[in-house]
1. Roughly how many debye, to the nearest 20, is the charge dipole of segment 469-563 about its Cα centre, given +1 on each Lys and Arg Cβ, -1 on each Asp and Glu Cβ, and no other charges?
2. For a quick check: with amide H placed at 1.01 Å from N, whose amide H comes under 5 Å from Val502's, ignoring anything fewer than 5 positions away on the same chain?
3. For a quick protection proxy, order the peptides 551-564, 344-357 by their average other-Cβ count within 10 Å, most packed first.
4. Explain nothing, just compute: Karplus ³J(HN,Hα) = 6.51 cos²θ - 1.76 cosθ + 1.60, θ = phi - 60°, for every residue of segment 278-289 in order, whole Hz, x for Gly and Pro.
5. Could you pull out every one of the lysines with an alpha carbon less than 23 Å from that of Lys559, ignoring same-chain neighbours closer than 8 positions?
6. Based on alpha-carbon centroids, what's the gap between segment 506-565 and segment 260-277 in Å, whole number please?
7. Given the options Ser436, Leu81, Thr122, identify the residue whose Cα lies farthest towards the positive end of the charge dipole of the chain (+1 on Cβ of Lys, Arg; -1 on Cβ of Asp, Glu).
8. At what distance in nm do the modelled label points of Gln236 and Thr159 sit from each other, each positioned 7 Å from its Cα along Cα→Cβ?
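Taken together, the values in this text are just the output of simple stated rules run on the coordinates, not laboratory data. On a predicted model such as this, the values are computed, not experimentally measured, just so you know. Positions of Cβ are generated from backbone atoms using ideal geometry, with glycine treated the same way; all protein chains shown enter the neighbour counts.
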Amino acid sequence: MRLYPLISAIAFAFSLASAHAAAPVWTVRDVDQFQDNFASDGTLTGFVRADMANDILPDSSPGILPGDSSVVVVADPISGLATDGVLGGKAVYCYVLVQPFAQPSKTGAALSGGSRWPFAGTESIGGHTWTKLRLDQSDVGGGPVPDNFCIDLNDNLFTPGDTIFFFYAAKSADGPGTTNYFSLETGTVSDINLAAALPMEFTCLPAGGFNRGGSLLYVDAADDAESQICWNMAMQNLGVLDKTDRYDVRGSAGGADNSLASRVVNVAGQFNAAYTLIWWDCGSQSITLADGSGSPLKSDDYAFLITFLGNLTLNGGVLLFGDDVAERLNASTAQSAFDFRQTYLPYVFVSGNHAPLFGAAPTGVHWPGRAFLDDVMIYGGAPDYNDFDVLKATGTSRVEMTYGPAGSANGAVVTNRVVVGPSNKTSILFGFGLASVRENDLDGIPDRALFLKNITRYTGDGPLGVVVGVGPASRSSLQQNHPNPFNPQTSIEYATIERTHVTLAIYNVSGELIRTLKNTVEVAGAYQVFWDGRDQTGKQVASGVYFYKLNAGSFTQTKKMVLLK
């Protein structure tokens, strides 16, 4: 599913009940549409291809080749489709709009991928000028395919930061020339304003979140409208929606080989250079991360994550959500899956169905002194709808939340931290998707947002520390921790006046580094972090006097605190 900033710019009134019957009939698959992508030269500035989500090579081929165009099937079984009186060919069109909008070079005929898809004019819809391109009949080597049409866009035009909105139109050969419009978000409609308000889209990454100073990527692999709405609301509540990029895995349930690893060309140069933290949510999908085995996906997300985490020089990591992520990872025999577990996320898989042990909607119980500060409801609907994974910690990993009493081995969330110098590389595994986190009290504070904030803050990455306020502060500052003395946890607040590299570290009275709480680039604003009295390895430290030191650009300050047990 997608985000649509255009809807607020378009006023429309319609009634599906009163709309005349649509003559053209559409059949459109999500995986045949344009897919979010990265620059094909592996940089942050190169051209981004407009390719479909689906891999067109046979499953037996080890390679991945996304289709070069977007494809629809449309026909009028009664009157047939009209012919374009000027351009020739069937009257089937794609409307295209590029955001940011003030880019004259990315409008008009320049958008076309070649002479097969001619420019058919522009139309003003809702205050925006949309480019209209005529589709061509698809040809897979044996001549034109009846009722099958394709559109290709210019592969040497779009650059990271662009979002391309699009929808389709077709005209009937009946007397009045009935025209209707199609978007996956609306289905078939007779009102062009509605299609333009809820278009499809693909994004050239890194995009607006990165350009606005963010370093977060949300991978939407849930293929579920509710999941993205839940994420958007949580990010909005946390004040990071506009600083977060999103990669949509189109049709993730179908195994189209369009996962994140299939589109990133250069992990270090175009991914680590932009992002320090990944939120990856597979929801209730049984096809989750790819392991390169071809069963069912040929791309290798685990190898990608190993490289990403290995390259991290700042605090960050990956958070993996989903009902079946742990189960599929546990079942994988691929070397990359084994290496990922061994190096970054050791855990024991207990069960792929929580319901027989804990009921459909168990309480997620936080362990005191760890990542979470409160319990939540983890709603499974019915036992045959959600089957959350049950986990145990092993080796260096630890349980942060359980289905049931704190202290039990029935893990709902497991974390593991690998410390390399000043960098905390944190991997977190959830037995469920974020949409399953529900309110368990009426205190007016969104539990889902607090849940996401607390576990993300545990990674030490910057943006989720923004809880005091947003926007530039009047001066950089470091506040006295509260409470002080403390046990088991204390809060530290600080502010920065500019985007800069920030480190916040804990030292003992001998000057030895105990824990790095922050080591990241942050935008100007007021921040809050917590220290749970543990060192870099997760071990509880002794009672005594400790010092915390903030370095933010040219600003440096140190304060004293007391841990008293």
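1. Its charge dipole is roughly 80 debye.
2. Here the answer is Thr520, Val521, Glu522, since their amide H atoms fall under 5 Å of that of Val502.
3. 344-357, 551-564
4. For segment 278-289, the Karplus curve yields 10, 9, 10, 10, 9, x, 9, 5, 7, 8, 10, 7 Hz.
5. Within reach: Lys518, Lys539, Lys549.
6. Between the Cα centres of segment 506-565 and segment 260-277 lies a distance of 30 Å.
7. Comparing the listed Cα positions along the dipole, Ser436 ranks first.
8. Here the answer is 3.2 nm between the modelled labels.
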